[in-house]
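> Have a look at the structure that comes next, please.
The values are calculated or read from the model by the stated rules, or taken from the named source; none is laboratory data. These numbers come from a predicted model, not from an experiment. Glycine gets a Cβ as well: all are built from the backbone with ideal geometry, and neighbour counts include every protein chain shown.
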Amino acid sequence: MSTTDTYEPSIAQSKGELLDSGEREYMLDVRTQDMEVNMGPQHPATHGVMRVLIRCDGELVTGAQPHLGYLHRCAEKIGENVEWLQYLPYTDRYDYLAAMNNNLGYSMAVEALMGIEIPRRAMMLRTICAELNRIGSHLIAIGTYGLDIGAITPFLYMFREREWMMALFEKICGARLTYSYIRIGGVFNDAPPGWLSEVEAFCDTFEVKWKEYYDLLMQNHIFVQRTANIGVISREMALDFGLTGPMLRGSNIDWDLRRDTPYELYDEIWKDKAFEIPLASGEKGTLGDTWDRAWVRVMEMMESIKIVRWCLDKVEPGPIIAEIPKTLRIPPGEAYVGIENPRGELGHYVVSDGGKIAVRCRVRGPSFANLAVLEELMPGTLLADAIAIIGSTDIVVGETDR
Amino acid sequence: MLSVAQSTESGLKESFGTNAVQDFLIGIKPEFVPAWAIPLTAIGVGMGIVLAIVALLTMFSTWLERKVSGHIQCRYGPMRVGWHGWLQPLADGVKLLLKEDLVPLGADRVLFVMAPALVLASLLGAMAAFPLTGAFYFANFELGIFMILAMTSTTTIGVVMAGWSSNSKWSLYGAMREAAQVVAYEIPLGISLLVPIMVAGSFNLIEVSNGQGGGFGIFNWYIWPWVNPFMLPAFLLFFVAILAETKRAPFDLPEAESELVAGFMTEYSGIRWSFFFMEEYAAMFLYCAVGSFFFFGGFESPLSSLAEGMAGTGSVLHQLAQGATIILKGFAGIFLMMWLRWTLPRVRIDQVMTMGYKYLTPLALVCVLGAGVWEALIAPLWR
Amino acid sequence: MDFQVIYDRIRSIKAPGVIGCDEPREPNPEDKKDKGRFGDSFVLVEPERLPEFLECVRDDALLKFELMADLSATDPSKDDENLWINVQLLSLTHKHRLAVKCFLPKANPVMPTSAPVHRGAQWAERECGEMYGITFEGHPDPRNILLPEDWIGAPMRKDYEYPEEYHGISCK
């Protein structure tokens, strides 16, 4: 976008119409210039370092252009230079709010090439951790969304629950944010004694608190007024852009990778009817608006609790990691595995030539695809709505940039 | 200290409440000091007291805000600096004074420096019309409420100056939103105040407060429906209008943290920023106190009527009770505003304007019409 | 649908640009060098006909690959003369996936853009293009997306040499 538009007042070119009285009427043609505002890399509402160049006419946004790359850490290039297992901590760091899911995606892609079977207890622990992390990620998504809209208190309440979740993860793997817990072949550490009952206590408390969040934030009239009918994504637009996850379900598109291309234990869980897929129905305002997407995320937290409870019911002692050699040499081939990240489909495409190091480790980050829709949604809205739209895409810039 | 008593020395004394100070100064005046220096010194002393009151109010309000927000968010707030952090504002003030004086490159230096001073000065001018007790005030204006509303409106000039001179597009947004919002909500603010003014029959704050006396200090408040049933809607409109005037949530778009960093205050730091802050909290107190004067009895409360009964009208005990009453009522209003801030999300600017012009103003006019009809026709039947 | 069924359908509707397919195979016990190939099957397509192929499989009723999950490139090794373009397609109606691959010669890495077919390809191609030095003809907005505007070179290529410094910042 060039910022070198010169302002030429059109006084000299005004038309002079001849009136009945014989005088000439000069119309002053007032031209205003659109203002280009930089929602810069440092901004409280861009969920990370991302720059959005907004061209606006007063408060009306007439154009938006996201600029990425501020958090690009060359994860894919590093994947071609380190060994298979050494790459795992890098996977934590692209979507740092849902690190367990990232680990899971990468491990599953490599395991698809190896063709090994994961022990059942490992799959149970993986599922519990992935779903708990989904809850944590959605808590931040909705909390920060409320913060962008101006409701500061739900953010702090949600962080209280997230602290508990992070304490649980700290007990099981030692880290609060970037876990590297789900490894190739299983998980690396068994749950300490009492951990599973603590998870159950968390589920019990969370169900009560969830109702609080739903009433405090989602049903608040001002929140509804700010988010309904804004940023409407139609079905055609969603499929065209390659959106996945709550962005799709917020437009009533029935697609969830856990149910439709099941992996790990999800086909069993689905057969037991332990969870449902929440689909937005345009309850407040248009179908596919930002309120619907926030609603989908809130409802998904409850479904994750149900999945965790199912796993807690059925988990049994056993091995937690498959027998894999210390130096991994993955058989040659290529595999793409997509899993359901809290933000959408996280895809890992790994290519191996039989060696210790990957040939290619491509990460398909859902936030990257979800962000593209901003160029289409933002023009025509007010500046305050533009912030709401960015918040509703629930991007993590670590994943957008990798 | 300051009293209503007239003195025969100078004609100025009838309009200023600083008569006692002037009497005292005349008594000790050395020979070489001219006569016109006395009222000026008295005014200076009065302004100093007003400034001190504003500073104390702000200090206490900032502490209250942090504690209230903390407890609403399930955390404690300041706990270390003094008992439960009551010295925190002092520590904050010291820190702000020690900060670097930053004027952005490209900012209009004159306007940038002048804006916070103008904002605070307008507010101090409004506080001049605010009586702390029945006899302790800087000036007893006959058009008290008029003066307060007029002076608080001029803070908008300072805000727009701040936003423009910061040479930042985001600050400009905040300033423009503020100007639009304040202008829109001045109307329902003024109109909703007409309802109690009609009942009281005066613009003078002290007379309005005295009009709500009797009835154990609580039953003659104007808010009760038996005084005028349109008072409660008028108060609700007034409260929404003062939330918008003081830029408090849910109308805090001009300083929307998550969108505009800090709106028009973005480029300000240190003591300049604290001027804006002082203005915000003092304005909150002033508006809440004005609301208490017109709707909730002002100086009248069971405490003050007890003190009046015990020690007589105008006595020191009575005045202390009056002062305590108005301060408590003001802070109750402030507490309510803080409670709302931490509960409700922000309303978008076009929704704010729609609400102000399309809903609140017609409702305010209806209230005034109804209240007028009530006062003229129905109230004289039993009053 | 199974991969073979999908591939047969692709052949039967005469989707443009199809060269062949590749499926995983076990290692050959006689040939020690052949370790086999594991993982996914893919369809091989000519790069010049990729947008038409994508449109064809998107619109066909039995295939209906409406969602393009990913478009990326791979540099298999320094010695290989081709780059790979990998496209991952997803069908929501039939719940199946398809992997599509194109071999793009490194000597002339130019191919038409798939942005008109799938809007999501626009950003993916920007990233792919800047990282591997591929030009997508007809792309509406071919600026760099993750790299700075004045970055020289294609970083993800195997023969890429890091610059000594960038605007005064040392890269070593």
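> Could you please let me know if A:ILE142 is within 14 Å of chain B (Cβ to nearest Cβ), within 30 Å of A:LYS314 (Cβ to Cβ) and in a helix (DSSP H, G or I)? Step through it out loud before you land on a result.
Numbers: within 14 Å of chain B (Cβ to nearest Cβ): yes; within 30 Å of A:LYS314 (Cβ to Cβ): yes; in a helix (DSSP H, G or I): yes.
The answer is yes for A:ILE142.
> I would also like to ask the following. Name the helices (runs of 4 or more DSSP H) wholly inside the range A:238-313 in which the number of residues that are without any contact (Cβ under 8 Å) to a residue 40 or more places away in the chain and not aliphatic (A, V, I, L, M) is 3 or more. I'd like the intermediate steps shown before the answer.
Working: elements: A:246-249, A:257-260, A:266-271.
Hits in the range A:238-313: A:266-271.
Table: residues versus (1) of a type in the set (A, V, I, L, M); (2) touching a Lys or Arg at 6+ places or on another chain (Cβ under 9 Å); (3) outside any loop (DSSP other than H, G, I, E, B).
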residue: B:PRO188; (1), (2), (3): no, no, yes
residue: B:ILE197; (1), (2), (3): yes, no, yes
residue: B:SER202; (1), (2), (3): no, no, no
residue: B:ILE206; (1), (2), (3): yes, no, yes
residue: B:SER209; (1), (2), (3): no, no, yes
residue: B:PHE216; (1), (2), (3): no, no, yes
residue: B:VAL227; (1), (2), (3): yes, no, no
residue: B:PRO233; (1), (2), (3): no, no, yes
residue: B:ALA241; (1), (2), (3): yes, no, yes
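> Another question about this same structure. From the list A:ALA191, A:ALA175, pick out the single residue that is surrounded by 19 or more Cβ atoms within 10 Å (Cβ to Cβ) and modelled with pLDDT under 90. Don't jump to the end; show me each part of the working.
Values: A:ALA175 fails: surrounded by 19 or more Cβ atoms within 10 Å (Cβ to Cβ).
After applying the criteria, what remains is A:ALA191.
> Output yes when any residue across the range C:106-118 is over 19 Å from A:LEU239 (Cα atoms), surrounded by fewer than 14 Cβ atoms within 10 Å (Cβ to Cβ) and touching a residue at least 40 places away in the same chain (Cβ under 8 Å), and no when none is.
Looking only at the range C:106-118, we keep the residues that are over 19 Å from A:LEU239 (Cα atoms), and these are C:106-112.
This time we only want the ones that are surrounded by fewer than 14 Cβ atoms within 10 Å (Cβ to Cβ), so: C:107-108, C:110.
The next check asks that each one be touching a residue at least 40 places away in the same chain (Cβ under 8 Å); those that pass are none.
No, there is no match, as no residue in the range C:106-118 is over 19 Å from A:LEU239 (Cα atoms), surrounded by fewer than 14 Cβ atoms within 10 Å (Cβ to Cβ) and touching a residue at least 40 places away in the same chain (Cβ under 8 Å).
> List the number of the failed condition for A:ALA151; all other conditions in (1) more than 20 Å from the chain's Cα centre (by Cα); (2) at pLDDT 90 or above; (3) surrounded by 24 or more Cβ atoms within 10 Å (Cβ to Cβ); (4) of a type outside the set (Ser, Thr, Tyr) hold.
Evaluating A:ALA151 over (1) more than 20 Å from the chain's Cα centre (by Cα); (2) at pLDDT 90 or above; (3) surrounded by 24 or more Cβ atoms within 10 Å (Cβ to Cβ); (4) of a type outside the set (Ser, Thr, Tyr) leaves (2) as the failure.
> Then there is this: What residue, of B:PHE216, B:PHE276, B:PHE299, B:PHE251, is on the phi > 0 side of the Ramachandran plot and in contact with a helix residue (DSSP H, G or I) (Cβ under 9 Å, 6 or more places away or on another chain)?
Numbers: B:PHE276 fails: on the phi > 0 side of the Ramachandran plot; B:PHE299 fails: on the phi > 0 side of the Ramachandran plot; B:PHE251 fails: on the phi > 0 side of the Ramachandran plot.
Answer to the check: B:PHE216.
> Another question about this same structure. Can you tell me which residue is nearest to the other protein chains (Cβ to nearest Cβ) among those in the range B:148-180 that are of a type in the set (S, T, N, Q) and assigned to a helix (DSSP H, G or I)?
Within the range B:148-180, the first condition is being of a type in the set (S, T, N, Q), and the residues that meet it are B:152-156, B:165-168, B:171.
Now restrict to residues that are assigned to a helix (DSSP H, G or I): B:152-153, B:155-156, B:165, B:171.
Numbers: B:THR152: 24, B:SER153: 23, B:THR155: 22, B:THR156: 18, B:SER165: 17, B:SER171: 11 Å.
My answer is B:SER171.
> Going through the range C:37-63 one residue at a time, which ones are touching a Lys or Arg at 6+ places or on another chain (Cβ under 6 Å), more than 10 Å from chain A (Cβ to nearest Cβ) and either of a type in the set (D, E, K, R) or more than 28 Å from A:GLY115 (Cβ to Cβ) (or both)?
Across the range C:37-63, the qualifying residue is only C:LEU62.
> Give the residue, chosen from B:THR325, B:THR354, B:THR361, that is surrounded by fewer than 18 Cβ atoms within 10 Å (Cβ to Cβ) and among the β-branched types (Val, Ile, Thr). If you could, list the steps in order and put the result at the bottom.
Values: B:THR325 fails: surrounded by fewer than 18 Cβ atoms within 10 Å (Cβ to Cβ); B:THR361 fails: surrounded by fewer than 18 Cβ atoms within 10 Å (Cβ to Cβ).
Just one listed residue meets the conditions, B:THR354.
> Exactly one condition in (1) out of contact with any Asp or Glu (no Cβ under 7 Å at 6 or more places or on another chain); (2) at the interface with chain A (Cβ under 10 Å from one of its Cβ atoms); (3) among the β-branched types (Val, Ile, Thr) is not met by C:ILE145; state its number.
C:ILE145 satisfies every listed condition except (1).
> Further question on the same structure: Could you look through the range B:84-140, keep only residues that are in a helix (DSSP H, G or I) and polar (S, T, N, Q), and pick out the one that is nearest to the chain's Cα centre (by Cα)?
B:SER122
> Of all residues in the range B:314-357, how many are of a type outside the set (A, V, I, L, M), without any contact (Cβ under 8 Å) to a residue 24 or more places away in the chain and more than 30 Å from B:PRO254 (Cβ to Cβ)?
First pass over the range B:314-357, keeping only residues of a type outside the set (A, V, I, L, M): B:314-315, B:318-319, B:322-323, B:325, B:329-331, B:333, B:335, B:339, B:341-343, B:345-346, B:348, B:350-351, B:354, B:356-357.
From what's left, without any contact (Cβ under 8 Å) to a residue 24 or more places away in the chain: B:315, B:350-351, B:354.
Adding the requirement that they be more than 30 Å from B:PRO254 (Cβ to Cβ) leaves B:315.
Of the residues in the range B:314-357, 1 are of a type outside the set (A, V, I, L, M), without any contact (Cβ under 8 Å) to a residue 24 or more places away in the chain and more than 30 Å from B:PRO254 (Cβ to Cβ).
> Here is a follow-up. B:MET338 versus (1) within 11 Å of another protein chain (Cβ to nearest Cβ); (2) surrounded by 18 or more Cβ atoms within 10 Å (Cβ to Cβ); (3) out of contact with any Pro (no Cβ under 9 Å at 6 or more places or on another chain): which is the lone unmet condition?
(1)
> Oh, and also: Pick from the range C:82-96 the residues that are in contact with a strand residue (DSSP E or B) (Cβ under 6 Å, 6 or more places away or on another chain) and more than 7 Å from chain A (Cβ to nearest Cβ): which of them is farthest from A:ILE78 (Cα to Cα)?
If we take residues in the range C:82-96 being in contact with a strand residue (DSSP E or B) (Cβ under 6 Å, 6 or more places away or on another chain) and more than 7 Å from chain A (Cβ to nearest Cβ), then C:LEU90 is farthest from A:ILE78 (Cα to Cα).
> Among the numbered conditions (1) surrounded by fewer than 22 Cβ atoms within 10 Å (Cβ to Cβ); (2) modelled with pLDDT of 90 or more; (3) in contact with an Asp or Glu (Cβ under 9 Å, 6 or more places away or on another chain), tell me where B:SER269 comes up short.
(2)
> Do the conditions hold for C:GLU66, that is, is it of a type outside the set (S, T, N, Q) and more than 10 Å from chain A (Cβ to nearest Cβ)? Show your work before the answer.
Working: of a type outside the set (S, T, N, Q): yes; more than 10 Å from chain A (Cβ to nearest Cβ): no.
No.
> Within the range A:48-92, how many residues turn out to be in contact with a helix residue (DSSP H, G or I) (Cβ under 6 Å, 6 or more places away or on another chain) and of a type in the set (S, T, N, Q)?
Looking only at that region, the number is 1.
> Mind checking which residues of the range C:119-137 are touching a helix residue (DSSP H, G or I) at 6+ places or on another chain (Cβ under 7 Å) and either among the aliphatic types (A, V, I, L, M) or under 21 Å from C:ILE19 (Cβ atoms) (or both)? Step through it out loud before you land on a result.
Step one: filter the range C:119-137 for residues touching a helix residue (DSSP H, G or I) at 6+ places or on another chain (Cβ under 7 Å), giving C:119-120, C:122-123, C:134-136.
Across the range C:119-137, the qualifying residues are C:ILE134, C:PHE136.
> Does A:ARG309 satisfy being buried (at least 17 other Cβ atoms within 10 Å of the Cβ), more than 14 Å from every other protein chain (Cβ to nearest Cβ) and of a type outside the set (Asp, Glu)?
Working: buried (at least 17 other Cβ atoms within 10 Å of the Cβ): yes; more than 14 Å from every other protein chain (Cβ to nearest Cβ): yes; of a type outside the set (Asp, Glu): yes.
Yes; evaluated as a whole, the condition is true for this residue.
> Kindly establish whether A:GLY105 is closer than 30 Å to A:VAL224 by Cα and surrounded by 24 or more Cβ atoms within 10 Å (Cβ to Cβ).
Working: closer than 30 Å to A:VAL224 by Cα: no; surrounded by 24 or more Cβ atoms within 10 Å (Cβ to Cβ): yes.
Judged against the criteria, A:GLY105 is not a match.
> Would you be able to tell me the number of residues in the range A:312-334 that are within 12 Å of another protein chain (Cβ to nearest Cβ) and more than 18 Å from A:ILE118 (Cβ to Cβ)? Explain how you work it out, then say what you get.
First, the residues of the range A:312-334 that are within 12 Å of another protein chain (Cβ to nearest Cβ): A:329-334.
With the extra rule that they be more than 18 Å from A:ILE118 (Cβ to Cβ), the set shrinks to A:329, A:332-334.
Residues meeting the conditions: 4.
> Of everything in the range B:334-374, what is of a type in the set (S, T, N, Q) and more than 24 Å from the chain's Cα centre (by Cα)? Give them in sequence order.
B:GLN351, B:THR354
> Does A:VAL337 qualify as being within 14 Å of another protein chain (Cβ to nearest Cβ) and aliphatic (A, V, I, L, M)?
yes
> Restricting to the range A:366-385, name every residue that is within 10 Å of chain C (Cβ to nearest Cβ) and touching a Lys or Arg at 6+ places or on another chain (Cβ under 6 Å).
Taking the range A:366-385 first, the residues within 10 Å of chain C (Cβ to nearest Cβ) are A:366, A:368-373, A:375-376.
Within the range A:366-385, just A:PRO366 meets the criteria.
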